[in-house]
Every structure is written in structure tokens, then in C-alpha cells.
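Quick notes on the structure that follows.
The values are calculated or read from the model by the stated rules, or taken from the named source; none is laboratory data. Just so you know, these numbers come straight off a predicted model, no measurement behind them. Please note: Cβ atoms are built from the backbone with ideal geometry, for glycine as well, and neighbour counts cover all protein chains shown. Areas reflect the complete protein model, heavy atoms only, side chains present, ligands, DNA and RNA absent. Shrake-Rupley method; radii C 1.70, N 1.55, O 1.52, S 1.80 Å.
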Amino acid sequence: PVADWEPYEGVLVSLPDVYVVENPEEEGAVQLDVGLYLTDFLSDHGAKVGDHFNSVTGVVHYQFYQWRLCPREPEDLDGPT
């Protein structure tokens, strides 16, 4: 995982081989093994703990004291498998 996501804030990133390590929070975000939370602000992910994504793409965003990845559309998620 990246130690500091701040340099990537507002940047569109694509991350390969990502796993969900926690079930959804109240806001619908799930924690990923790369240190980000996958949000459903723009696109519903439907992910749960144990799911694997071949890749996830989205904009890095800071909210609720957490670094989050915001996919733009369903095609930004290759998975879950």
C-alpha cells in the first residue's frame, strides 16, 4: 500500500489486484487492502469483504478522515470476482 495518498488527491488512478478487507460502512464505502476506501458516490460497487477486483479505477479523495477511491462509472471496476 501507498504510505501517503495525499500527493494523489484529485488524481485518477488505476490499481491492479485489489481485495476488499472490510464490509461496507454506513456511507457504503468498503476498505481495500491498498489503504483506500472504495466509495459508491458516483457508481455503486456492491462489494463486500473477501471480494477481489482485477483492477479498480477512480479519483483519490479525502473525506471523513479517510482516503477514498471514487470510481466514475461501472466500467471503472473490473470485478468483483
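Observations on the structure shown:
- Each residue in the range 2-34 was checked for being in a loop (DSSP other than H, G, I, E, B) and open to solvent by 40 Å² or more (accessible area, probe 1.4 Å), and 13 of them qualify.
- Glu26 over 15 Å from Ser55 (Cα atoms), without any contact (Cβ under 8 Å) to a residue 24 or more places away in the chain and over 12 Å from the mean Cα position of the chain (by Cα): yes
- Residue that is farthest from Asp17 (Cα to Cα), among those in the range 38-54 that are assigned to a strand (DSSP E or B) and open to solvent by less than 30 Å² (accessible area, probe 1.4 Å): Leu38
- Yes/no for Val59 being within 11 Å of Pro80 (Cβ to Cβ) and either among the aliphatic types (A, V, I, L, M) or surrounded by 14 or more Cβ atoms within 10 Å (Cβ to Cβ) (or both): no
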